[in-house]
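The values are calculated or read from the model by the stated rules, or taken from the named source; none is laboratory data. Just so we're clear, the structure is a prediction, and the values are computed from it rather than from any experiment. Positions of Cβ are generated from backbone atoms using ideal geometry, with glycine treated the same way; all protein chains shown enter the neighbour counts. Please note that ligands, DNA and RNA were not included when accessible areas were found on the heavy atoms of the full protein model with its side chains. Shrake-Rupley method; radii C 1.70, N 1.55, O 1.52, S 1.80 Å.
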Amino acid sequence: MSVKDQSGKVVFSETKEYIVNDFYVNSMDPKSDPIMLPVWEYDRQVHVHEGIEPGETDSNTFVIPLKEGTKSVDVEAAFKFIHEKDKQDVWTKCNKKIEF
């Protein structure tokens, strides 16, 4: 999310990441055999879930102090899916102009 004043200067910016990762941890054995993941070996997997499920929502409220004389701000919020570094898709984007 970013907020720009009437002259286009960014007065506020915030990014929130929702992540879901599965890390497969190497065996404690000194052997370098490939790791199989049958049910009894799932202690080698670490699941990090800091995301939102389909159909769930999230909301945030920000109080942004503006300089005296600010006539309007443009607020842009985007929801992006980041595949990997420098590869992303914008799923949805919203813009709103607020005049004072």
VAL3 vs. criteria surrounded by 10 or more Cβ atoms within 10 Å (Cβ to Cβ) and modelled with pLDDT of 90 or more: yes
Filter result (modelled with pLDDT under 90, aromatic (Phe, Trp, Tyr) and open to solvent by less than 90 Å² (accessible area, probe 1.4 Å)) within the stretch 6-43: TYR18
Given (1) under 30 Å from GLY8 (Cβ atoms); (2) modelled with pLDDT under 90; (3) open to solvent by 80 Å² or more (accessible area, probe 1.4 Å), number of the condition ASP58 does not satisfy: (3)
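Looking only at residues in the stretch 63-81 that are part of a strand (DSSP E or B) and without any contact (Cβ under 8 Å) to a residue 12 or more places away in the chain, which one is nearest to ILE19 (Cα to Cα)?
Our first condition is that a residue be part of a strand (DSSP E or B); within the stretch 63-81, this holds for 72-81.
Pick out the ones that are also without any contact (Cβ under 8 Å) to a residue 12 or more places away in the chain and you get 80-81.
Details: LYS80: 12, PHE81: 10 Å.
Restricting to residues being part of a strand (DSSP E or B) and without any contact (Cβ under 8 Å) to a residue 12 or more places away in the chain, the top hit is PHE81.
Quick one: which residue in GLU99, GLU76, GLU68, GLU84 is under 14 Å from GLU14 (Cβ atoms) and not polar (S, T, N, Q)?
Values: GLU99 fails: under 14 Å from GLU14 (Cβ atoms); GLU68 fails: under 14 Å from GLU14 (Cβ atoms); GLU84 fails: under 14 Å from GLU14 (Cβ atoms).
Every option except GLU76 fails the conditions.
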